[in-house]
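See structure below.
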Amino acid sequence: MNALFRCDAADTIGFGHLSRCIALAEALRLSGVTSIFAGQFNEAAQEQITAAGFEFANLDQPVNTDTADQEHPAITGSQSADFVVIDSYRADHNYLAGLKSLGQATVVIDDFCALEEYPCDVVLNFTWEASSFAYPEGPTKLLGPAYLPARRRLVDMRARSIERDRGGPIGNLLIAIGGADPKNIATRLVQILQKHHSHLCIHAIAQPDAPLADMLGNFAPGSAIVPRQPDLSQQLLWADAIITGGGLIKYESAFMGVPAATIAQNEGQDSETKVLSKVGLVFDLGPADGVTDEELASALDIFIAGFDLRHAMGSRMRETFVADPTAHAANAILEALRR
């Protein structure tokens, strides 16, 4: 079988949609499915796709732009794609219905159940609240963390990671806001942490930045900027705890059993972070645009000193996920499409 993944990735929108598509494509490959990507991809995104072993078509316009979709023949049906996977907030009802009218089997990776109708074959929503959403009848629904699209290296390293006892003092702290950090949250966090927690060894996932590198020199030896990674497996295995943005990384951290403090970058992330905080999967630092430096410093103090808090969080994380949720999702998709 052949799959076409339709998503976009750039600094302006981040890399979460692409990362979870690559994860699903990796799992589908284990079942003999060949995948190709089509989208508006910047250079870093193209490198991620190539490194994962997939081909791509780089389009000039994002998802749900008629001219962009017409440029790739697999979308219009003139080449063979057994199914299309769509992962974009730009994908509305009309866009999905248009693909369906071409005779394409379609899978939608969704987050918020924002559409009144989902004219597709499968909806995959791995978020905690997904099973409570009122999805319409019709598509097969794969809902909840059991279907988390985790990269292969995360799956392979999970057993080692969750065996670690991370309930004691934090030595290694990872800061990973996401593929894009337009609000410069990583620098803000480092500025706050250096006042009271300079004993920590900090790895910050970020673009090379001289001022940030200089600030990290005030922390424990080994502190450094780490270039953007195709996946965070090695860094999550290294970390005793992580500070994340509100996107996919908070789920990846939970999957790996790494206690996470989350600062949301937008309203949707903030709402989801509050839900995950209530069930003990993350510690909520508040929204980036709403929390003051004083409030953020106080919350960080609680998280860093909270041995019992982080121990309980680790236990909750270990019991939430199946060992290979991505393969579980891939197998369920293929079963649904073969019916």
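The values are calculated or read from the model by the stated rules, or taken from the named source; none is laboratory data. For clarity, every value in this text was computed on a predicted model and none was experimentally measured. Cβ placement follows ideal geometry from the backbone for every residue including glycine, while neighbour counts extend to all protein chains displayed. Please note that ligands, DNA and RNA were not included when accessible areas were found on the heavy atoms of the full protein model with its side chains. Shrake-Rupley method; radii C 1.70, N 1.55, O 1.52, S 1.80 Å.
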Note to self: C-alpha centroids of segment 87-152 and segment 46-68 sit apart, in Å, by 20 Å
Taking a ≥ b ≥ c as the square roots of the Cα gyration tensor eigenvalues, with a/c under 1.5 meaning rounded and otherwise prolate when a/b beats b/c or oblate if not, the chain comes out prolate
With a ≥ b ≥ c from the Cα gyration tensor eigenvalues, square-rooted, and the rule rounded for a/c under 1.5, otherwise prolate when a/b > b/c and oblate otherwise, segment 1-143 is rounded
Computed over the chain: longest principal axis from alpha-carbon atoms vs helix 293-305 long axis, angle to nearest 10 degrees, is 80 degrees
Carbon plus sulfur, as percent of the 1.4 Å-probe accessible area of the chain, comes to 49 percent
Across Lys100, Lys141, Lys195, the residue with the highest GNM fluctuation in the chain (Cα network, 10 Å cutoff) is Lys195
Restricting to Cα pairs under 8 Å and 6 or more apart, the percent relative contact order of the chain works out to 16 percent
For segment 253-264, Karplus-derived ³J(HN,Hα) couplings (6.51, -1.76, 1.60; θ = phi - 60°; whole Hz; x for glycine and proline) come out as 5, 4, 4, 8, x, 9, x, 10, 9, 10, 10, 6
So Ala210 and Ser132, fully extended at 0.36 nm per residue minus their Cα-Cα distance, gain in nm 23.5 nm
For the chain, the per residue accessible area (1.4 Å probe, Å²) is 41 Å²
Under the helix-only model (-39500 (n - 2.57) for each DSSP H run of 4 or more, divided by the residues of the chain), the mean residue ellipticity at 222 nm, to 500 deg cm²/dmol, is -12000 deg cm²/dmol
Of Cys21, Cys113, Cys201, the most mobile residue in a GNM of the chain (C-alpha springs, cutoff 10 Å) is Cys113
Here the alpha-carbon Rg of segment 1-58 over 2.2 N^0.38 Å rounds to 1.02
In whole angstrom, the spacing between the Cα centers of segment 180-221 and segment 268-331 equals 20 Å
Using eta = 0.692 mPa s and T = 37 °C, Stokes-Einstein with Kirkwood Rh from Cα pairs puts D for segment 271-339, in µm² s⁻¹, at 224 µm²/s
Quick note, segment 122-234: a/c under 1.5 would make it rounded; otherwise a/b > b/c is prolate and the rest oblate (a ≥ b ≥ c, C-alpha gyration tensor); here it is prolate
To the nearest 10 degrees, the tilt of helix 307-320 (Cα long axis) against the first principal axis of the alpha carbons of the chain is 20 degrees
Candidates Gly167, Gly286, Gly53; GNM for the chain (alpha-carbon contacts under 10 Å) flags as most fluctuating Gly53
Excluding residues fewer than 8 positions from Lys278 in its own chain, the lysines with Cα under 22 Å of it are Lys250
For Lys100, counting only lysines whose alpha-carbon sits under 30 Å away and dropping same-chain residues fewer than eight positions off, the answer is Lys141
With the charge dipole of the chain built from beta-carbon charges (+1 for Lys and Arg, -1 for Asp and Glu) about the Cα centre, the Cα from Ala288, Ser271, Met313 projecting farthest to the positive end belongs to Met313
